[in-house]
Structure formats: C-alpha cells, structure tokens
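A.B. asks: Below are the structure tokens for one structure; questions will follow.
The values are calculated or read from the model by the stated rules, or taken from the named source; none is laboratory data. Please read all numbers here as calculations on a predicted model, not as lab measurements. Positions of Cβ are backbone-derived with ideal geometry, glycine not excepted, and every protein chain shown enters the neighbour counts. Please note that ligands, DNA and RNA were not included when accessible areas were found on the heavy atoms of the full protein model with its side chains. Shrake-Rupley method; radii C 1.70, N 1.55, O 1.52, S 1.80 Å.
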Amino acid sequence: MEGAKSPAGTFDAVVGRTPFDGIPIFASVGAAIAAAPITGGKPFRILVTRGRWHEKLVVDKPEIHLVGEDRTASVLTFDAAAGMPRPDDEPWGTWGCASVTIRAPGFRATNLTIENAFDYVGNLAAPKFEPIGPNGAQAVALMLDAGSDRAMFERVDVIGHQDTLFVDAGRSFFRDCRISGSVDFIFGGGNALFEQCELHSCFRPGKERQGYVAVPCTPSAQAYGLTFVRCRLTRDAAIADGSVALGRAWRPGRTFPDGKYGDPDAVGAAVYLDCWMDAHIDPRGWDEMGYTARDGKRVMLQPGDARLFEHASSGPGAHRSASRRALPRDRIAAYARERVLDGWVPI
C-alpha cells in the first residue's frame, strides 16, 4: 500500500482504523472529508483502509487526496441508478446518481476502487424501476462535475456498467487505472487524459451491440476531449468479436430559449494513440448516435461529424478502414501530455 509505512505526518485523517498513532480517525470517508479545511492551500490526505465504504460522496473542498490501503480492498461504493428514486422520490438522473462526485480542484485518488454496485445485468432481466430517458439504468461510479479541475487518478479501479465514468468538467489525468463497463462507459465533455490504462468491456446478456467505450460531448471550442495513450482495450470472455464500438459522439439535450434539444455546440473529441485492442472492437470503429434536433426531429450524429480519431492502434481489434480515421501526422505532436493538460504537470 502506497504510504502504509510512512510516518504519521503523511496523512491528515484515517478512515476505519489507524495504523499510526496520533492521526484523527473517522468512521466514514464523508466524515473525513468534512474535517478538511474549506480553503485548501495544501493537500489534505486521507488514508482509506480496507473495507467497502457504502457512501454517496460529494467532494466540494479543494486539494482532497484519498489514498487506499489496498487497491482492490479499499472500495468506495454506492448503488444508485438514474431511474431509481432519491429520498424525495424524484429520480436521481444521470447527473445525480454518481457514487463519487468531484466539484473542487486538486482532487487526487490513489490505490483504491470506486464503484457503482447497481445490478445492471439483473435489471436487464427484471427492471426494478420506471425507466427515464433511454432506460434509467445509467449508474455512474465517478463524476467530475463543474468545479473539478486538475483531478488525478493513479492505480484506481473504476467499476460500473452503463455510464461508469462521467468526465464532464476540467482537466483530469488517469494513469495505470482500470475502467470497466459496457454502454458509454467513459463519457462527458471534460478534458481527460488516460495513460497506460485498461478499458475493460463487460458482457451484456442478450445484446448484439455489446457496448461503446468512449462517448465525448466536447464543446466545439475545446481542443481536447477523451485522449487515450498506450491503453489496452480488453473484454469479458463472453463478449463476441466485433461487438463493441470504439465509441460514438454524444450531443446531450440542453434547454435553450426556444426549447430543449441536442446541443449543437457539442462536437465530441476522442483519440486513441498507440493503444492495443482485442478482437471485440468492431472493424468499423465508431457508431452513430441519435439526438433531438431543434425542430424536434430525431437525428443521427455521424462519426464523421465529430472529432474521432486513432493512431498506431495494434492488436486483433486494430483495423484500417474509411470509417476509422487516422489522426493526421502533423497533429500527433499536439497530443503530448503537457499540451493536452494545458501546462498542468500532474506529479
């Protein structure tokens, strides 16, 4: 465990039990976060000991650092899906169902697991609630919401099924992480860089299209969206060859003075650079995705109308075709870490 043998001064709080003398101990992660200063200024480091911490967490203080005692045994978990009721009986919705939501800058998580434990597969067979939107089974594990920036994740497992990781704001950096899911399981409008991560597709019984990996809704003026560098795209053994798309561009509904419709400013950006892909990746690469146009009609956003590219893909799922656009060579240098993260150095 990173930090386990460090002196007591390494941590400001411990959740569960303390392996060191003299550090405040808390019964929950939420209580430890509540003890952090509001102003930030320096990291507030919290050791999360082994256990399943069933809490719906919102981090709205800057410079919170969570360090797990054990990557797979220190688990932050909740089980809300978009169609399930909140305490006020209104549905959580995709924007409200996350197990962990970040709304402040400088967050960091290391050596732990963040999951949404909603039983997605069981719900396919026997729905447990009235669907909202497409199905109500969106169940976010981790959301980077408005206010998040410079969020870093290292040796973190992010576990879910549909809509696992919602990176919707700010800059974020994921290194040596494992993100698992099926439908749209890495999505949003933020600027997220993934280096040497595993993107693992989970099996959906009875579904011909097993899922979609990257689903950006990047604002048109934002140069970078979801950027994957030297990542591995893997799968459950039951997933058929060619049944998972690299992704699709999302045009979420927004409310405008003249009505609610798909945001025309969302021109999704996703790039795979030097990634290894198993044979579950569809040779066609990307899928189209529907949205409601200004006139109320249903329109399909084609992959060619967004910013979806790859470069130097390898493995059984790597194919060259007109529908899988290669990143122009003169743009490859633009994806150096310091340029993607706009000068932020995540050390």
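A.B. asks: Using only the Cα atoms of the stretch 177-230, what do you get for the radius of gyration and for Dmax, in Å?
C.D. replies: Using the Cα atoms of the stretch 177-230, the pair Rg, Dmax is 12.4, 39 Å.
A.B. asks: Here is a follow-up. Using a Förster radius of 30 Å, what is the FRET efficiency between Glu130 and Glu208 based on their Cβ-Cβ separation? Nearest 0.05, please.
C.D. replies: Given R0 = 30 Å and the Cβ-Cβ separation, E is 0.75.
A.B. asks: Could I ask something else about it? Determine the equivalent ellipsoid of the stretch 269-320 by diagonalising the alpha-carbon gyration tensor, then write out the semi-axes as square roots of 5 times the eigenvalues, largest first, rounded to whole Å.
C.D. replies: Values: eigenvalues 159, 26, 9 Å².
Listed largest to smallest, the semi-axes of the stretch 269-320 are 28, 11, 7 Å.
A.B. asks: Each residue of the stretch 26-35 in turn: what ³J(HN,Hα) in whole Hz from Karplus with 6.51, -1.76, 1.60 and θ = phi - 60°, glycine and Pro shown as x?
C.D. replies: Once θ is set to phi - 60°, the couplings for the stretch 26-35 become 10, 7, 8, 5, x, 5, 5, 5, 4, 7 Hz.
A.B. asks: Compute the accessible area per residue over the stretch 160-280, keeping the other protein chains in place, probe 1.4 Å, unit Å².
C.D. replies: 31 Å²
A.B. asks: Just to verify a number: what accessible area does Arg155 come out at with the full protein assembly present, 1.4 Å probe, Å² rounded to tens?
C.D. replies: The value for Arg155 is about 60 Å².
A.B. asks: Related question: Toward the positive end of the charge dipole of the chain, about the Cα centre and with charges on Cβ (Lys, Arg +1; Asp, Glu -1), which of Tyr291, Val244, His311 goes farthest?
C.D. replies: His311
A.B. asks: No solvent, one uniform scatterer per C-alpha: report log10 I(q)/I(0) for the stretch 79-237 via the Debye equation at q = 0.11, 0.13, 0.17 1/Å, two decimals.
C.D. replies: One equal scatterer on each Cα of the stretch 79-237 leads to -0.40, -0.56, -0.96.
A.B. asks: Between Ala336 and Arg254, 0.36 nm times their residue separation minus their Cα-Cα distance comes to what?
C.D. replies: Full-extension gain reported as 26.3 nm.
A.B. asks: Taking θ as phi - 60°, what are the ³J(HN,Hα) couplings along the stretch 301-316 by the Karplus curve (6.51, -1.76, 1.60), each to the nearest whole Hz, with x for Gly and Pro?
C.D. replies: After applying 6.51 cos²θ - 1.76 cosθ + 1.60, I find 7, 7, x, x, 8, 10, 10, 10, 9, 8, 8, 6, 5, 9, x, x Hz.
A.B. asks: Then there's this: Taking the chain as a Gaussian network, where each spring joins two C-alpha atoms under 10 Å apart, which residue of Gly285, Gly16, Gly206 fluctuates the most?
C.D. replies: Among Gly285, Gly16, Gly206, the largest GNM mean-square fluctuation belongs to Gly206.
A.B. asks: Of His54, His280, which has the most accessible area with a 1.4 Å probe, and how do the rest follow in descending order?
C.D. replies: Result of the area sort, largest leading: His54, His280.
A.B. asks: Sticking with this structure for a sec: Grab the alpha carbons of the stretch 11-57, take their convex hull, and tell me the volume per residue in Å³.
C.D. replies: Dividing the Cα hull volume of the stretch 11-57 by its residues yields 72 Å³.
A.B. asks: Within 10 Å, Cβ to Cβ, of Pro43, how many net charges do the neighbouring residues add up to if Lys/Arg are +1 and Asp/Glu are -1?
C.D. replies: +1
A.B. asks: Could you pull the accessible area for Tyr212 with a 1.4 Å probe, rounded to 10 Å²?
C.D. replies: 30 Å²
A.B. asks: May I pose another question? Size of the dipole of the chain about the Cα centre, Lys and Arg at +1 and Asp and Glu at -1 on the beta carbon, nothing else charged, in debye to 20?
C.D. replies: In total the dipole reaches around 580 debye.
A.B. asks: Based on a Kirkwood Rh over C-alpha pairs, give the Stokes-Einstein translational diffusion coefficient of the chain at 20 °C and viscosity 1.002 mPa s in µm²/s.
C.D. replies: Numbers: Rh = 20.6 Å.
Calculated translational D: 104 µm²/s.
A.B. asks: Ok, one more. Per the Kirkwood definition applied to all pairs of different Cα atoms, how many angstroms is the hydrodynamic radius of the stretch 216-347?
C.D. replies: 16.0 Å
A.B. asks: What residues qualify as long-range amide H neighbours of Val183, i.e. H under 5 Å apart, gap of 5 or more or another chain, H built at 1.01 Å from N?
C.D. replies: Residues meeting the criterion, in which the H sits 1.01 Å from N, are Gln162, Asp163, Tyr212.
A.B. asks: Can you give the percent of C-alpha pairs in the stretch 42-154 whose distance is more than 21 Å?
C.D. replies: Counting every Cα pair in the stretch 42-154, those more than 21 Å apart make up 40 percent.
A.B. asks: Roughly what % of Cα-Cα distances in the stretch 242-285 sit above 15 Å, to the whole percent?
C.D. replies: Values: 556 of 946 pairs.
The answer is 59 percent, as a whole percent.
A.B. asks: On to the next question. Could you please tell me the mean projected area of the C-alpha convex hull for the stretch 139-197, averaged over all directions and given in square nanometres to one decimal?
C.D. replies: Values: hull surface 13.3 nm².
That works out to 3.3 nm².
A.B. asks: For the stretch 149-157, take each phi angle, set θ = phi - 60°, evaluate the Karplus expression 6.51 cos²θ - 1.76 cosθ + 1.60, and give the result in whole Hz per residue in order, putting x for glycine and proline.
C.D. replies: These are the phi-based 3J(HN,Hα) values: 6, 6, 8, 10, 10, 9, 6, 10, 9 Hz.
A.B. asks: Counting every Cα pair in the stretch 57-110, what percent are over 18 Å apart?
C.D. replies: I get 45 percent for the Cα pairs in the stretch 57-110 exceeding 18 Å.
A.B. asks: So what does log10 I(q)/I(0) come out to for the stretch 107-163 at q = 0.16 Å⁻¹, using the Debye formula with one equal point on every Cα and no solvent?
C.D. replies: -0.61
A.B. asks: Follow-up question, since we're still on this one. Counting Lys +1, Arg +1, Asp -1, Glu -1, what net charge surrounds Asp236 among other residues with beta carbon under 12 Å of its beta carbon?
C.D. replies: On the way: positive: Arg204, Arg235; negative: Asp278.
Combined, the nearby Lys, Arg, Asp and Glu give +1.
A.B. asks: Check Glu63: other-chain or 5+ apart residues with amide H under 5 Å from its amide H, H built from backbone geometry?
C.D. replies: For Glu63, whose amide H was placed from the backbone, the distant partners under 5 Å are Gly106, Phe107.
A.B. asks: Related question: Pull up all non-local amide H partners of Leu301: gap of 5 or more, or a different chain, and H-to-H distance under 5 Å with H placed in the peptide plane.
C.D. replies: Sorted by chain and number, the residues that satisfy this are Met289, Gly290, Tyr291.
A.B. asks: With all protein chains present, how much of the accessible area of the chain (probe radius 1.4 Å) comes from carbon and sulfur, to the nearest whole percent?
C.D. replies: The C+S portion of the solvent-accessible surface of the chain is 52 percent.
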